[in-house]
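Only the coordinates and a few stated rules stand behind these numbers; no lab work does. The model shown is predicted, which means the values in this text are computed figures rather than measured ones. Here the Cβ positions follow ideal geometry from the backbone for every residue, glycine too, while neighbour counts run over all protein chains shown.
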Amino acid sequence: MIEVDFAQARASLGTLIDAVANGGERVLIRRGNGEDVALVPAAELRSLQETAHLLRSPKNTARLLRVILRAREGRSPAEG
């Protein structure tokens with residue numbers, strides 16, 4: 001992860017955006033007078049949002065965990 005302060009981010013925004021878009025980097029921008037922010041690839045953000053949505057329901061979370069465990073054991077997700 002690349003970490004920069006706000007002034008550095010402003011001065012090299014194009015380069016940072018290229019690093020995120022083309023190289024999959026993540027950039028943490030430290031702000032002295034406010035909340036730090038991050039630049040991440042849009043696809044990664046969408047994936048994180050989808051995951052958070054799926055895990056919002058405890059019932060769905062349990063179902064997903066069962067499927068993951070079955071897959072690790074080499075079983076079909078449909079097996080009981």
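Return the residue satisfying two criteria in turn: it lies in the range 1-27 and is among the aliphatic types (A, V, I, L, M) and surrounded by 15 or more Cβ atoms within 10 Å (Cβ to Cβ), and of such residues it is farthest from Arg66 (Cα to Cα).
My answer is Ala9.
Name the residue, out of Arg56, Arg63, Arg30, that is closer than 30 Å to Val4 by Cβ and either under 23 Å from the mean Cα position of the chain (by Cα) or hydroxyl-bearing (Ser, Thr, Tyr) (or both).
That would be Arg30, the only listed residue that is closer than 30 Å to Val4 by Cβ and either under 23 Å from the mean Cα position of the chain (by Cα) or hydroxyl-bearing (Ser, Thr, Tyr) (or both).
Which ones in the range 44-67 are closer than 30 Å to Ala19 by Cβ and surrounded by 10 or more Cβ atoms within 10 Å (Cβ to Cβ)?
Passing the criteria: Glu44, Leu45, Arg46, Ser47, Leu48, Gln49, Glu50, Thr51, His53, Leu54, Leu55.
Could you list, in sequence order, the residues of the range 9-22 that are part of a helix (DSSP H, G or I) and either in contact with a helix residue (DSSP H, G or I) (Cβ under 7 Å, 6 or more places away or on another chain) or more than 17 Å from Ser47 (Cα to Cα) (or both)?
Scanning the range 9-22 gives Ala9, Arg10, Ala11, Leu13, Gly14, Thr15, Leu16, Ile17, Asp18, Ala19, Asn22.
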